[in-house]
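Take a look at the structure below.
The numbers here are math on the coordinates, done by the rules we state, and not lab data. Since the structure is predicted, the reported quantities are computational estimates derived from the model, not experimental observations. Neighbour counts run over all protein chains shown; Cβ positions are idealised from the backbone, glycine included.
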Amino acid sequence: MMTLVIGNRNYSSWSLRAWLVLRHSGLEFETVRLALDTSEFRENIATFSDAGKVPVLVDGDLTVWDSMAIAEYMAERVPGLWPVKSSDRALARAVSAEMHSGFATIRQILPMNCRAIGRNVPLSNELAREITRIDRIWSECLSRQSGAGCLFGEWSIADAMFAPVVFRFNSYNIQLSELSHRYVQQQMEDKYMQEWLKASKEEAETIENEEVGLSL
Ligand SMILES: N[C@@H](CCC(=O)N[C@@H](CS)C(=O)NCC(=O)O)C(=O)O
């Protein structure tokens, strides 16, 4: 059976992305959770990956690290994780890559904290610019699908890449266009997003310091 090494469900946005892809793959896997920013993490992560970060996927003799590499590996194993139509697949990869390599201000100023609601932060110009860019990506993808609940009609890796942003926009009350707002609401109702959220709430008891100040 495959093993996915993840961080705290409440904070680890990269872990969430890989976990959603595995969950949507329908294949069985177990999770090993290492609490970020602890000696437990530092001592154990090296036994899985020299890169020193989560997520890490172990499949027999093979170790795959980095959320995008894990997503691509799973897409080769299980059909349907990327959109079926070639042009949709190209766009899904483009927006996923943009998310994977960008949006540093959102990461820093709006750290993922799934459990949190009703947070407010001042919008700097750069933060507003990044939010507007994501709103535009979502609206353009959704309007091509007649406003369906997923970016490319059926759920795809692109939805996994933006899932932590869905949690962030929900926590920080970010104002969005009608289409993007509906996307946040629909993704928040997704059964696997709810499963992750529930588990993140159950983890709360084991965390001494809720505000660990991680920019993930
Ligand atoms: N580019 C990596 C980023 C992974 C990453 O930054 N993971 C964070 C947790 S969300 C981590 O392991 N931080 C621990 C550390 O840097 O010590 C990916 O896509 O998986």
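Numbers for the structure displayed
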| item | result |
| --- | --- |
| Residue order, fewest to most surrounding Cβ atoms within 10 angstrom, among Cys150, Cys141 | Cys150, Cys141 |
| The range 51-78 residues near the modelled Ser101 label - backbone nitrogen below 19 Å, point 7 Å along Cα→Cβ | 65-73 |
| Theoretical gain in end-to-end length, Ala128 to Glu189 [0.36 nm per residue, Cα-Cα removed] | 19.4 nm |
| Overall dimensions of the chain by Cα: Rg and Dmax, Å | 16.7, 49 |
| 222 nm mean residue ellipticity, helices alone, for the chain (DSSP H n ≥ 4; -39,500 (n - 2.57); rounded to 500) | -17000 deg cm²/dmol |
| DSSP H segments from the chain that extend 20 Å or more along their own axis, Cα-based, with Kyte-Doolittle mean of 0.5 or above | 157-171 |
| Alpha-carbon centroid distance for the pair the range 153-206 / the range 57-84, whole angstrom | 21 |
| Summed side-chain charge close to Met1 - residues other than Met1 whose Cβ falls under 13 Å, Lys, Arg +1, Asp, Glu -1 | -3 |
| Amide hydrogen neighbours beyond the local backbone of Arg33, cut-off 5 Å, H modeled | Ile6 |
| Dipole of the range 2-79 [Lys/Arg +1, Asp/Glu -1 at C-beta], most positive-end residue of Ser67, Ser49, Met2 | Ser67 |
| Rounded to 5, percent antiparallel among DSSP beta bridges of the chain | 60 |
| Two-site label geometry, Arg115 and Val32: point separation in nm, points 7 Å out along Cα→Cβ | 2.5 |
| Fewest-first sequence of Thr63, Thr132 by Cβ atoms within 10 Å of each Cβ | Thr132, Thr63 |
| GNM top mover of Leu179, Leu142, Leu123 - the chain, alpha-carbon springs below 10 Å | Leu123 |
| GluC sites (Glu not before Pro), loop per DSSP, at most 16 other Cβ atoms within 10 Å - longest free stretch of the chain | 29-207 |
| Principal axis dimensions, the range 2-79 - Cα atoms, whole angstrom, descending | 38, 27, 19 |
